[in-house]
Structure formats: C-alpha cells, structure tokens
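Below: the structure, in structure tokens.
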C-alpha cells in the first residue's frame, strides 16, 4: 500500500556517537520528505526537509539522505547529545496536497550519557 | 514571533458530547492543517484550510469538521464523541501559498480524553 514506514521503533546510542534513523516510503509521487522531532508533551518540531530532486541535504549536525531507487530516507545525527532524545518521524508531502503530511510511525531515540 | 497556539491544552469530555478546539497560526501563515495523534495510529491528517477554504481532507468520518476564519485562525469540531476519539490533536501552520510544500510548524496540541 501507499505508506511511509520506519524500520526500527527504538534506537539507543551513546552520547557522542552518530545516529542513523531510517524510513521507507512507497509512493513515488511525493515531492518533499521531512523529518520531525517530537519531545514528550510537545508538538513535532521541524528538523530538515529534502526535495525529491535531491539526494542529500545537510543542516546543523543533521544530514538527510534520499535514495529514490529503493525508496529510502535516512536521518543522520552527528555527535548525538542527550537533548536529541525524542521520537523522530519521517513524513512525506505529495504533489498537489501541500497541506497534507503523511507520517511514519516514529522511531524513539534514546541517548545514553 | 509567536508560535502556533492551541487551546485548550487539555480537555475531558463525555461520550456523545461535542468539542471545539482552536488553533492560532503564526502571523502571516494562511494554511492550517489538523492532525490526530494516537499511540496505535500515529499522526494522521484530518484536514487543511487555506484562505478560509478546506483544501485537503483526510479519511475521517463526517463527525470531524473544521473551519478557518479571515484572520487564519482555525477551529475543529468533533461531534458525538466516541472513546476512540481520545487523542492528541495537533495543528500545523505554514505559509501555504503556491503549489509546493512550505515548512509546517506545529503547536503543542490539545489532549482530548473521552470518558
């Protein structure tokens, strides 16, 4: 079916290590892919997005990679910090439905000090 | 610049009642989208309003409705509440103009509990 899903529900990393969160999608019509971070009791917070015509985009300590061949999206967090502990969601936005984000189930990232 | 404001933060209602939630978007944003978040279903899109018109709609029953005012503030209403409507309701605002996606900012949500 058409969905955005995450490979791993939980990820535990040591402080200072790099984290990689993965996401699979199935709809080729998506125009944008977005990563959100949600801390307990808060709404999702935008991290980074990537357009479908790009393979890689970097932000501050984060990199998003898009592999359209295998319909795979990943978020890399460099030098993971305790403050990065949260649930991370990938989302896709389909062309012509710009106000509609389709979210994956989420991955919980725990950072051990 | 103020963020997205949702009121109330918490709400407890009885089955069969109706509820209205409010969302004030970031100043200058004309698009407001609503989402339902539950542990079992995750984040699901309800509907989106742009310039007072519903532009997109998700797969929710007609008990879920919304509207947007001329100042871009939006309300969503759920009638005849069911236990399964217990969830965190989130709204997101974005500039919304043009054809492409624009960054969406979320509010902290309204936690609705139906008893």
**Study point:** Evaluation of residue B:54 against (1) closer than 25 Å to residue A:95 by Cα; (2) loosely packed, with under 14 Cβ neighbours inside 10 Å (one fails), failing number
**Key:** (2)
Review point. Just one of B:65, B:79, B:22 is at pLDDT 95 or above, under 18 Å from residue B:109 (Cβ atoms) and more than 12 Å from chain A (Cβ to nearest Cβ); which is it?
Key: B:22
Check your understanding: strands (runs of 3 or more DSSP E) wholly in the range B:1-100 with at least 3 residues that are touching a strand residue (DSSP E or B) at 6+ places or on another chain (Cβ under 7 Å) and within 21 Å of residue A:87 (Cβ to Cβ) - which ones?
Key -> B:31-38, B:42-50, B:87-94
Practice item. Scan B:89, B:10 and give me the residue that is within 21 Å of residue A:34 (Cα to Cα) and modelled with pLDDT of 95 or more. Key: B:89
Study note, to complete from the structure: Of the residues in the range A:95-113 that are surrounded by fewer than 17 Cβ atoms within 10 Å (Cβ to Cβ) and either within 14 Å of chain B (Cβ to nearest Cβ) or free of Cβ contacts under 8 Å to residues at least 24 places away in the same chain (or both), the one that is farthest from residue A:10 (Cα to Cα) is A:96
Practice item. Please tell me if residue B:96 is within 14 Å of chain A (Cβ to nearest Cβ), at pLDDT below 95 and either crowded, with 22+ Cβ neighbours inside 10 Å or more than 14 Å from residue B:25 (Cα to Cα) (or both). Key: yes
**Study point:** Yes/no for residue B:60 being surrounded by 12 or more Cβ atoms within 10 Å (Cβ to Cβ), facing chain A (nearest Cβ under 8 Å) and over 20 Å from residue A:30 (Cα atoms)
**Key:** no
Review point. Counting residues that are modelled with pLDDT of 95 or more, closer than 30 Å to residue B:55 by Cβ and within 14 Å of chain B (Cβ to nearest Cβ), which strands (runs of 3 or more DSSP E) fully inside the range A:1-94 reach at least 2?
Key: A:30-38, A:45-51, A:86-94
Check your understanding: Which number in (1) surrounded by fewer than 20 Cβ atoms within 10 Å (Cβ to Cβ); (2) facing another protein chain (nearest Cβ under 10 Å) marks the one condition that residue B:91 misses?
Key -> (1)
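The values are calculated or read from the model by the stated rules, or taken from the named source; none is laboratory data. Computed from a predicted structure; not experimentally measured. Here Cβ is always computed from backbone atoms with ideal geometry, including for glycine, and neighbour counts include all displayed protein chains.
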